[in-house]
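*Asks:* Below you will find the structure I want to go over with you.
The values are calculated or read from the model by the stated rules, or taken from the named source; none is laboratory data. Note that this is a predicted model, so its numbers are computed, not measured. Cβ sites come from the backbone with ideal geometry, for glycine too, and all protein chains shown count toward neighbours.
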C-alpha cells in the first residue's frame, strides 16, 4: 500500500485525488494507494477535505508527514507556494507530485529540479488534462495529418486571479499544447483584449500555435491541429483525475518520470514569456 500525504487543502484536487484512493464508492477507484494525511492553512477547509476524502489525519506541520508517507502531492492553488512546501520532501527522497502550475517563477522550478537530481528523488508536475483518455487518443492520431504546421490550444485564464494570475488556469492550455505539438518552442507574441489573451507561439520547425487564454468567455479546453487535414478536440475532463493519479502512482512504483524535467520547466517559461510579451508589446524568446 502506497501511503500518500496531501499538502494544500484549498484546491478541489485535494478532494478528487483522495477520493480516488480512499473511497471505494468513487467512480474509477484506484486500489493500492491511500491518502493518510493532509495539511492546509484553513481548519474548516481541512475538515471538509478530510471528510470528503476519508483522510484519517490532519497535521499541523507538513513535516510531520516525513517518515510516515511513501509519496506526497503538493496541490496548493498558488504556484508560488509549491517550491517551499515540496522541497523538504524532495530533499528527503520522497516521490513528489507538484500540481499545476509547477511554479510561477523559473528559479523556483529550477530549485526543485536541482534538488530532485541531487537527491535522486522522482518528481513530476502536470495538468491531468493531458492524460485524459480521449486527449491521449487525439494526440496519438495526429500522425494521420502529419506534418502538423499550425494549431490552437485554448483554456480559461485570468491575469487578475489571486492564485498567480494567468498561471492558475493558463497552464492547462500550455501543457495541452506541449503534449500535442511538442516542446521545441522558440518564441511568443501576445496581445490582450479585455480579459482575453491570444499568444502566437512560434516553434523552431515553423509551426505556429494560437494559445488562447480566455477570461471573457467560458471556453472549456480545446485543441485544434492543422496539417494534411484538420483535427479538433474538446477535452473531456471526466477521466483526467483518475488517469493523472495512475500516472503519478506509476512513477512512485517505478521511479520513471512521466514528464521530463525540462518540459516541466518549459511550461513555466512559456507563461512567463506570454507575460513579457504583453508588457513589452514584442515577440520574445521563451528562453532568453
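*Asks:* If you go through the stretch 259-285, how many residues are surrounded by fewer than 19 Cβ atoms within 10 Å (Cβ to Cβ), under 21 Å from the mean Cα position of the chain (by Cα) and not in a helix (DSSP H, G or I)?
*Replies:* Going through the stretch 259-285 one residue at a time, the tally reaches 1.
*Asks:* Which number in (1) in contact with a strand residue (DSSP E or B) (Cβ under 7 Å, 6 or more places away or on another chain); (2) not in a loop (DSSP other than H, G, I, E, B) marks the one condition that residue 56 misses?
*Replies:* In the conditions (1) in contact with a strand residue (DSSP E or B) (Cβ under 7 Å, 6 or more places away or on another chain); (2) not in a loop (DSSP other than H, G, I, E, B), residue 56 misses (2) alone.
*Asks:* Further question: From the set of residues in the stretch 197-229 that are surrounded by fewer than 19 Cβ atoms within 10 Å (Cβ to Cβ) and touching a helix residue (DSSP H, G or I) at 6+ places or on another chain (Cβ under 7 Å), which is nearest to residue 277 (Cα to Cα)?
*Replies:* 227
*Asks:* Against the condition over 24 Å from residue 110 (Cα atoms), surrounded by fewer than 22 Cβ atoms within 10 Å (Cβ to Cβ) and within 14 Å of the chain's Cα centre (by Cα), how does residue 243 come out, does it pass?
*Replies:* Yes: the conditions hold for residue 243.
*Asks:* From the list 104, 113, which one is touching a helix residue (DSSP H, G or I) at 6+ places or on another chain (Cβ under 8 Å), surrounded by 24 or more Cβ atoms within 10 Å (Cβ to Cβ), outside the structural domain of residue 168 (by TED's automatic domain parsing) and more than 16 Å from residue 6 (Cα to Cα)?
*Replies:* After ruling out the rest, the residue left standing is 104.
*Asks:* Of the residues that make up the stretch 206-216, is at least one over 20 Å from residue 106 (Cβ atoms), without any contact (Cβ under 8 Å) to a residue 40 or more places away in the chain and assigned by TED's automatic domain parsing to the domain that holds residue 280?
*Replies:* Scanning the stretch 206-216, I find at least one residue that is over 20 Å from residue 106 (Cβ atoms), without any contact (Cβ under 8 Å) to a residue 40 or more places away in the chain and assigned by TED's automatic domain parsing to the domain that holds residue 280, so the answer is yes.
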